[in-house]
1. Filter the stretch A:160-179 down to the residues that are open to solvent by less than 30 Å² (accessible area, probe 1.4 Å), within 16 Å of ligand 1 (Cβ to nearest atom) and not acidic (D, E) and list them by number.
2. I want to confirm something. Restricting to the stretch A:1-25 and keeping residues that are away from ligand 1 (no atom under 15 Å from the Cβ) and hydrophobic (A, V, I, L, M, F, W, C), which single residue is surrounded by the most Cβ atoms within 10 Å (Cβ to Cβ)?
3. Considering only residues that are crowded, with 22+ Cβ neighbours inside 10 Å and more than 18 Å from B:T258 (Cα to Cα), which ones fall in the stretch B:69-84?
4. Being modelled with pLDDT under 90, farther than 15 Å from B:N21 by Cα and either assigned to a helix (DSSP H, G or I) or assigned by TED's automatic domain parsing to the domain that holds B:S430 (or both) narrows it down to one residue among B:L370, B:L328, B:L344; which is it?
5. Those residues that are charged (D, E, K, R) and either touching a residue at least 40 places away in the same chain (Cβ under 8 Å) or part of a strand (DSSP E or B) (or both), I need them from the stretch B:194-222; list them, please.
6. Can you name the residue in the stretch A:29-49 that is hydrophobic (A, V, I, L, M, F, W, C), more than 14 Å from every other protein chain (Cβ to nearest Cβ) and within 15 Å of A:G215 (Cβ to Cβ) and, of all such residues, is least open to solvent (accessible area, probe 1.4 Å)?
7. Would you pick out the residues in the stretch A:26-68 that are among the basic types (K, R) and away from ligand 2 (no atom under 11 Å from the Cβ)?
8. Would you check which residues across the stretch A:180-198 are open to solvent by 30 Å² or more (accessible area, probe 1.4 Å) and either within 15 Å of ligand 1 (Cβ to nearest atom) or without any contact (Cβ under 8 Å) to a residue 40 or more places away in the chain (or both) and list them?
Amino acid sequence: MSVLELENVSYAYEGSSKAVFSDVTLSFEAGKAYAIAGKSGSGKSTLLHLLGGLDVATRGRVSYGGESLADMNRNRYRARNAGIIFQGLNLLTNASALENIVLSMRISGMKGPGLKAKALELLARVGISPEKASRKILKLSGGEQQRIAIARALAHNPDLIAADEPTGNLDKDTEYKILKIFEDLAHKEGKCVIIATHSKRVTAIADEIWTVDKGVFRSVPTKRN
Amino acid sequence: MPVNCAIENALLNILKNKSRNILLGVITFVIITAEVAGMSIYNASGTIVKEFKARFGSEVALTPLKKSAEGITAEQAIAFSESECLLSTDINSSLTCRSDTLKAIGQTEGRSPNIIQGRENYGGDLSNAAMRLRGGQFDKILAEGKLPAILTDVKFWNRSLLARAARPAFRAGNNDPIPSFKVGQYKNECIVSSEFAKLNQLAVGDHISVQAGLFESGTLVETSISLTIVGIYVSAPSAAYPASYQNPNNEIIADFNTVASIQKEGQTGVAVNATYCLKSPELLALFEEEIRSKGLSPDFSVTTDEAGYRRLVGPIENLNSVSLAFLLMLFALGVAVMALVSMLAIRERKYEIGVLRAMGMKKGQVALGLWVETAAVTTVCFALGMLAGGLLSQPISDTLLAASGSIPVSVSISPLTALEIFAVAIVLASIAGFVSVSQITKYEPMKILMERN
Ligand SMILES: Nc1ncnc2c1ncn2[C@@H]1O[C@H](COP(=O)(O)OP(=O)(O)OP(=O)(O)O)[C@@H](O)[C@H]1O
Ligand SMILES: [Mg+2]
């Protein structure tokens, strides 16, 4: 069953005459992992921003559960339904990992005394120790920051995970661990996972692969199929 | 639900963004300090000007033009006091008296009263055995519970230091409250000074008898009056007076009518003093017209002390307008600086705002969080600025008043003024903050994050 759909979607940045992509129609299902591949500047991040409700399409319709994102309360959508891992991470750099994650939980409406423990558990899952969890973001390595961004995207248990180059800064072993998490999220927890990537290792776990070139999306056969 | 998390996040941020908040705080502090100093000076001088206007600007003097002129009568004094033009009236009546049973303070021992049949010398020729029976606004004296308030100066005791300093003669006086009274009808009741009471072994409840000196076509007619002592006020020790009836401690204070009514038709001897305060100085002509029609003799001039008023009020009025100009300038500057700082502080936080929006925080919550942070910093700096401004305002005011040749004034700031300043500071910072937050949050989160530089 498709959770997320794009129908004839076009997007052009404000002030730019050329559209990044036009008339794109795609659909994403729950319980599946998707990889979006393409050259730098092809529009991968732009697509994820539209899916994550962080920006609205210039034309066409992006819908979640049948409802158009343009018409819905996107605060709520971002806070509860979608989890985004930004290419630029976008963590609150003045705060600690723990604070970033707890804040995300609280914005989504989660309550209670257990949030901190839950956040620490999640951080442990991506390999961040409690000591590092209470350190300021700026005092952590790029790879550590990336994993914290992943943990934050998962903090509020969203149905949709949109990850933009989530393993770019990671070594091979860590990348495997993280990819395993994404795989489990799709296959064991029934989430819809969409990953923009250049990495072959990422495309290897995907159920479906899409490439984008000059604004055109094409389905590519996977090794699994 | 997210209300508290936005606020909590803001409070955590106060300490995290130390340098920015310190800068914001210092600016707020400086503006508030200057504003408080300016405002307290403005308020103090404004209060004084108002008070002086009420006191001097409109105090009417009825001055006899000829030496032989008869004083105004009690009936006239009361009739004049009923004018619509007046804010207040102080009336007192007095006459010289003596007693066969009471001694006056300063009375020469061994000499018996030697009364001469000449009205001018009645008091002086009693060989200092004379007292003065004074009829004031007894109710007022009792109500205010203060002495030597006795007469026209009753109000001065409750006025500012300035008024007290302006009348040095009263400074050394006694300001103690009158001991408890059995307040009766006032008719034939009196209060006496503690010094007088001690000399004559008087106590509350005692009856005293005095001879009032009145005249009928130039002939002395002594009238005996009985009074009940209803109170004894604690007086300061007497200074030396040329005549004992001039000593305020020798005054037996009774109700206005008790004294005024001693004088019968065709008699003289009761002096009536009346001080009228107009509601505003412009009413002088109207008041004069009214009291002339009520029978004030053309032998009296009706004037206010315009020159004296100018002399006293002028410098303070200058200070008042200078401080107002200062205040307005500061206010404009404060508005500009606070707005600018608030705007810059928020622009600088575009990234943070973008991230919070991307995490799904509502616009209002983002604004609230930033507001709480700014408001908390502003509040702390407001308190500090108030303190510093309060400490500064006295020396500033002293310097300014000294420069303008005026007497020192006690400068302070009322809680209401403090609140006004606080409201101004918070409102300014808030408006600027909300405007810049909404400028930023009107865009989609991704746009905010991309354009953060
Ligand atoms: N804010 C912007 N304003 C105008 N053009 C933009 C803006 N952001 C991106 N672009 C352009 O839009 C196109 C798509 O950018 P996008 O970031 O989606 O690419 P990408 O596929 O994610 O690239 P990469 O692999 O390098 O991350 C690029 O040509 C880029 O120059
Ligand atoms: Mg990208």
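The values are calculated or read from the model by the stated rules, or taken from the named source; none is laboratory data. Please read these numbers as outputs of a predicted model, since none were measured by experiment. When we count neighbours, we look across all protein chains shown, and the Cβ atoms used for this are built from the backbone with ideal geometry, even at glycine. With ligands, DNA and RNA removed, areas are computed over all heavy atoms of the protein, side chains included. Shrake-Rupley method; radii C 1.70, N 1.55, O 1.52, S 1.80 Å.
1. Matches in the stretch A:160-179: A:A162, A:A163, A:P166, A:T167.
2. Among them, the one singled out is A:L4.
3. B:F80
4. Exactly one of B:L370, B:L328, B:L344 is modelled with pLDDT under 90, farther than 15 Å from B:N21 by Cα and either assigned to a helix (DSSP H, G or I) or assigned by TED's automatic domain parsing to the domain that holds B:S430 (or both), namely B:L328.
5. B:E195, B:E216, B:E222, listed by residue number.
6. Residues of the stretch A:29-49 hydrophobic (A, V, I, L, M, F, W, C): A:30, A:33, A:35-37, A:47-48.
When the remaining residues are screened for being more than 14 Å from every other protein chain (Cβ to nearest Cβ), the result is A:30, A:33, A:35-37.
Narrowing further to those that are within 15 Å of A:G215 (Cβ to Cβ): A:36-37.
On the way: A:I36: 1, A:A37: 19 Å².
Only one residue tops the list, namely A:I36.
7. Once the filter is applied, which keeps residues that are among the basic types (K, R) and away from ligand 2 (no atom under 11 Å from the Cβ), the stretch A:26-68 yields A:K32, A:R59, A:R61.
8. Restricting attention to the stretch A:180-198, the residues satisfying the condition of being open to solvent by 30 Å² or more (accessible area, probe 1.4 Å) are A:180, A:183-184, A:187-190, A:198.
A:K180, A:D184, A:K188, A:E189, A:H198, listed by residue number.
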